[in-house]
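S.K.: So that we are looking at the same thing, I have put the structure below in structure tokens.
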Amino acid sequence: MARHAGAAACGGSANRGRSRLIGCFCLAILVLGLVPPQPGLAQPAPVPIAVARVLTADQASGQSFVGTVLPARTSDVGSAIDGRLVELPILDGQHVTEGQPIAELLRGLLEIERGGAVAELVRRRELLAELKAGSRPEEIEQARALAAGFEARLAYARSRVARIARLAERGTSTVDELQDAQTELQQIEAQLRGSRAALALAEAGPRREQVAQAAAAVAVQEATIERIDDQLGKHTIRAPFNGWVIERFTEQGQWLARGGLVARIAQLDRLDVEVQVPESSVTKLRRDAEVRLEFDAAPERTWIGRVARIVPQADLRSRNFPVLVTVANIVVDGDPVLRGGMLARAWLPVGKAESVTVVPKDALVLGGNTPLVYVVDVAGPAVAGPATGTVRAAGVSLGAAIGSNVEVRSGLERGQLVVVRGNERLRPGMAVSFTQPQD
């Protein structure tokens, strides 16, 4: 009993000691949390970035023109033959690849015809192979044996005729018996000549003309199968190129006449933006000139296209010339970002030549209400090693694309430093480190 009581007392004392230790530890944490950070303590390291300098260039300033997004290609896919539509495995808005089946016509009768044609082709090929192989050794041996048999019979018939002739001279045989023996001899001689000719044919093999005729028959049958295969191929309607189904014109079970439309497919991996340009400005455009594009549906990206075609015929009412600017599209989760019929604004370099402010395209940060760039405020005079500073966001108004740069119409001044790499992770006021760009 005493031992148990003493043990209990010692255990209670140990528990009280642990409780006091935990309480002191919590108090220390609370005190440390209330003490403000002291000067000289370690601060977050500056974020490494790459910068470029805001420059000016003599270039025609950009003007904004409204345009319409058009697919690079649009195809109304139809049927080349008459038939009943039994499969239509596509839906509006579905992406299809070049050669992918988009519709299937009833083809049972043609498949039966093809089966018969293939069997006939096999028969003709086997006949041709037999002729090319020539006579078998057994056939030649059979012809030789037949000729040898007739030779033996001929020798016997000759001896019999001579014997009957001697008997006839003695008067012991009649003239009829002699004539019968002579006739039989002539028959055996003819049979021997026929057997020798058959042996020669067997040894020589088939004639070249027979082989050529068999080969021609095989070619005719192969052409028949190719014709059937061509018809079967037309029963499967395929996509002419990679694109998206934008409209279906029929349904499963309907009868399609030759030339009947199945679906409309648009190629959207590249797009054309059609811009109407006045006659006073179109002469300042050149093919392959870079054009900055803006889309209300995709304001978070920088879109740069090229002037692909300048149509040399104006609309007689508006005196505007169609200008086609081609631009590469982006596919996100299987859907194109830009789509046919969207509104676009194209900044074309058709203004007066003047000194404009430019920044690299990589300096732009899009996705907000207005585009912005991060301007670097240098911390102090240059020292050895990377320079340091802080960044601030500056909203800009953009103009035309100029090579790898973009015209900035307001918000920046020549000589300022802007971030061109690493700006996606920056926030205003963050410390950065960088290497001064070469002028």
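S.K.: Condition test on Leu105, is it buried (at least 17 other Cβ atoms within 10 Å of the Cβ), farther than 30 Å from Leu256 by Cα and modelled with pLDDT of 90 or more?
M.R.: no
S.K.: Condition first: surrounded by 17 or more Cβ atoms within 10 Å (Cβ to Cβ) and under 18 Å from Asp335 (Cα atoms). Now tell me which residues in the stretch 240-250 satisfy that.
M.R.: Once the filter is applied, which keeps residues that are surrounded by 17 or more Cβ atoms within 10 Å (Cβ to Cβ) and under 18 Å from Asp335 (Cα atoms), the stretch 240-250 yields Gly243, Trp244, Val245, Ile246.
S.K.: Return a yes/no flag: does the stretch 251-264 have any residue that is assigned to a helix (DSSP H, G or I) and surrounded by fewer than 20 Cβ atoms within 10 Å (Cβ to Cβ).
M.R.: Checked the stretch 251-264: no residue is assigned to a helix (DSSP H, G or I) and surrounded by fewer than 20 Cβ atoms within 10 Å (Cβ to Cβ).
S.K.: Being at pLDDT 90 or above, surrounded by 16 or more Cβ atoms within 10 Å (Cβ to Cβ) and touching a Pro at 6+ places or on another chain (Cβ under 9 Å) narrows it down to one residue among Val69, Val96, Val51; which is it?
M.R.: Just one listed residue meets the conditions, Val51.
S.K.: What's the number of the condition Gln186 fails, among (1) in a helix (DSSP H, G or I); (2) surrounded by 13 or more Cβ atoms within 10 Å (Cβ to Cβ)?
M.R.: (2)
S.K.: Same structure again: Among the candidates Gly389, Gly351, single out the residue that is more than 44 Å from the chain's Cα centre (by Cα) and of a type in the set (Gly, Ala, Ser).
M.R.: Among Gly389, Gly351, only Gly389 is more than 44 Å from the chain's Cα centre (by Cα) and of a type in the set (Gly, Ala, Ser).
S.K.: A follow-up question, please. Tell me which residues, restricted to the stretch 297-323, are touching a helix residue (DSSP H, G or I) at 6+ places or on another chain (Cβ under 9 Å) and surrounded by 14 or more Cβ atoms within 10 Å (Cβ to Cβ).
M.R.: Once the filter is applied, which keeps residues that are touching a helix residue (DSSP H, G or I) at 6+ places or on another chain (Cβ under 9 Å) and surrounded by 14 or more Cβ atoms within 10 Å (Cβ to Cβ), the stretch 297-323 yields Thr302, Ile304, Ile310, Ala314, Asn320, Phe321, Val323.
S.K.: Further question on the same structure: Residues that are on the phi < 0 side of the Ramachandran plot, of a type outside the set (A, V, I, L, M) and assigned by TED's automatic domain parsing to the domain that holds Leu398: which strands (runs of 3 or more DSSP E) entirely in the stretch 273-363 hold 1 or more of them?
M.R.: 353-360
The values are calculated or read from the model by the stated rules, or taken from the named source; none is laboratory data. Quick caveat, the model's predicted, so the values are computed rather than measured. Quick reminder, even Gly has a Cβ in these numbers, built from the backbone with ideal geometry, and neighbours come from all protein chains shown.
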